[in-house]
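The values are calculated or read from the model by the stated rules, or taken from the named source; none is laboratory data. The structure presented is a predicted model; accordingly, all values stated were derived computationally and were not measured. Virtual Cβ from ideal backbone geometry, glycine too; neighbours counted across all protein chains shown.
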Amino acid sequence: MELRQLKYFVKSAEYLNFSVAAKHLYITQSTLSQQIKQLEFELGFELFLRNSRHISLTEAGEEFLPFARKTIQDAEDGVQRLHDLQHVKAGRLRVGVTYSLSTVLTEGLLEFMKVFPDIKLEVCYKTVNELLALLKERELDFILSYKPLLDAPDVDSMPLFENALALVVSKEHALAAKKRITLQELSDVPLVLPSHDLQARMMLERLLAGKGIELSSKLELNETNILLQMVSTGSYATVLSTSAVFGSSRFRAIPIDDPANVMEASLLRLKGAYQKAAAREFVKILLDTEAVRRRHVSWFD
């Protein structure tokens, strides 16, 4: 049994299509099929059910898949450890970030690229649930996000700072000079809101639960930048975390006055996963950025 065969099996299980899997592996379909059959022969079990139209995993394939994935990841972690021991400052770092924390990440990205120009950064912007799925598949090294409202037992969370939901308005908006706003007062404001899969909206729904308050939402979007474009017209406001407009002179963030309005910005990583030296260096840089340094805690000490 070869590591290459395990990679072929996992990729085939991912796509359930030998032709598509072969294309992503940059090999021919016949080579892929031959290697899968050789693996099945060595194991003594068929891993796929095949017919003329599609393939599916057998019971043996379903059972074997997580072990194959772990073996591949363990091998990659071992190679990464050797690189780190040799102080190799090359390779890639895969960072996931939720839309509302994108402004917090920018300063850290620029500094990291300056200090480590030979490390390729891959930054993925998605919802927290989408990012957690990628993290669990080891497609990301860590995530910058607000701590999930639901427990994620296989994920470690490092708190960076506390934040709050705010009514975000343009500086010309009639409410721009307001210091705080209540949930009840929000009901009178024409709003464009983040969609239900974004953390700001999840937190807003939690604050509203059981209070009988109806908000006037004219539009819902899962794209923060477009929401802010709507807000910049001065006709609408939105509800986001205060960090979503960190450092911007175009908007005002008016905190929502509610004792439960606390959001914990965090770095999330998979429990037990090996942390690259590059990831450790990135975290150190991020903790020293203006957006984070006043309230940071140390994870790697």
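Remarks
- Residue in segment 198-211 that is at positive phi, surrounded by fewer than 20 Cβ atoms within 10 Å (Cβ to Cβ) and not assigned by TED's automatic domain parsing to the domain that holds GLY272 present: yes
- Selection status of VAL20, part of a helix (DSSP H, G or I) and surrounded by 13 or more Cβ atoms within 10 Å (Cβ to Cβ): yes
- GLY96 falls short on exactly one of the conditions (1) assigned by TED's automatic domain parsing to the domain that holds GLU281; (2) at pLDDT below 90; (3) closer than 26 Å to LEU6 by Cβ; (4) of a type outside the set (Phe, Trp, Tyr), and that condition is (2).
- Selected residue (criterion: surrounded by the most Cβ atoms within 10 Å (Cβ to Cβ)) from residues of segment 116-130 that are touching a residue at least 40 places away in the same chain (Cβ under 8 Å) and touching a strand residue (DSSP E or B) at 6+ places or on another chain (Cβ under 7 Å): VAL128
- Contact map, segment 219-236: residues that are within 16 Å of LEU175 (Cα to Cα) paired with residues that are exposed (fewer than 13 other Cβ atoms within 10 Å of the Cβ) and modelled with pLDDT under 90, Cβ distance under 7 Å, separation 6+ or inter-chain. Pairs shown: TYR236/LYS218.
- Looking across segment 40-59, the residues that are surrounded by fewer than 17 Cβ atoms within 10 Å (Cβ to Cβ) and of a type outside the set (S, T, N, Q) come down to PHE41, GLU42, LEU43, GLY44, PHE45, GLU46, LEU49, ARG50, ARG53, HIS54, GLU59.
- Some residue of segment 206-225 being in contact with a strand residue (DSSP E or B) (Cβ under 9 Å, 6 or more places away or on another chain), among the β-branched types (Val, Ile, Thr), farther than 17 Å from SER102 by Cα and not in a helix (DSSP H, G or I): no
- Within segment 236-271, the only residue that satisfies the criterion of being over 19 Å from GLU223 (Cα atoms), outside any strand (DSSP E or B) and among the hydroxyl-bearing types (Ser, Thr, Tyr) is SER249.
- Residues (more than 16 Å from VAL189 (Cβ to Cβ) and exposed (fewer than 14 other Cβ atoms within 10 Å of the Cβ)) located in segment 215-247: GLU223, ASN225, ILE226, GLN229, GLY247
- Listed here are the strands (runs of 3 or more DSSP E) enclosed by segment 35-125 that have at least 2 residues being over 30 Å from PRO159 (Cα atoms): 48-50, 55-57.
- Given (1) at pLDDT 90 or above; (2) surrounded by 16 or more Cβ atoms within 10 Å (Cβ to Cβ), number of the condition LYS37 does not satisfy: (2)
- So GLU76, is it closer than 21 Å to GLU281 by Cα, touching a strand residue (DSSP E or B) at 6+ places or on another chain (Cβ under 8 Å) and loosely packed, with under 14 Cβ neighbours inside 10 Å: no
- Among residues of segment 151-179, those that are farther than 14 Å from ALA237 by Cα and of a type outside the set (A, V, I, L, M), counted: 10
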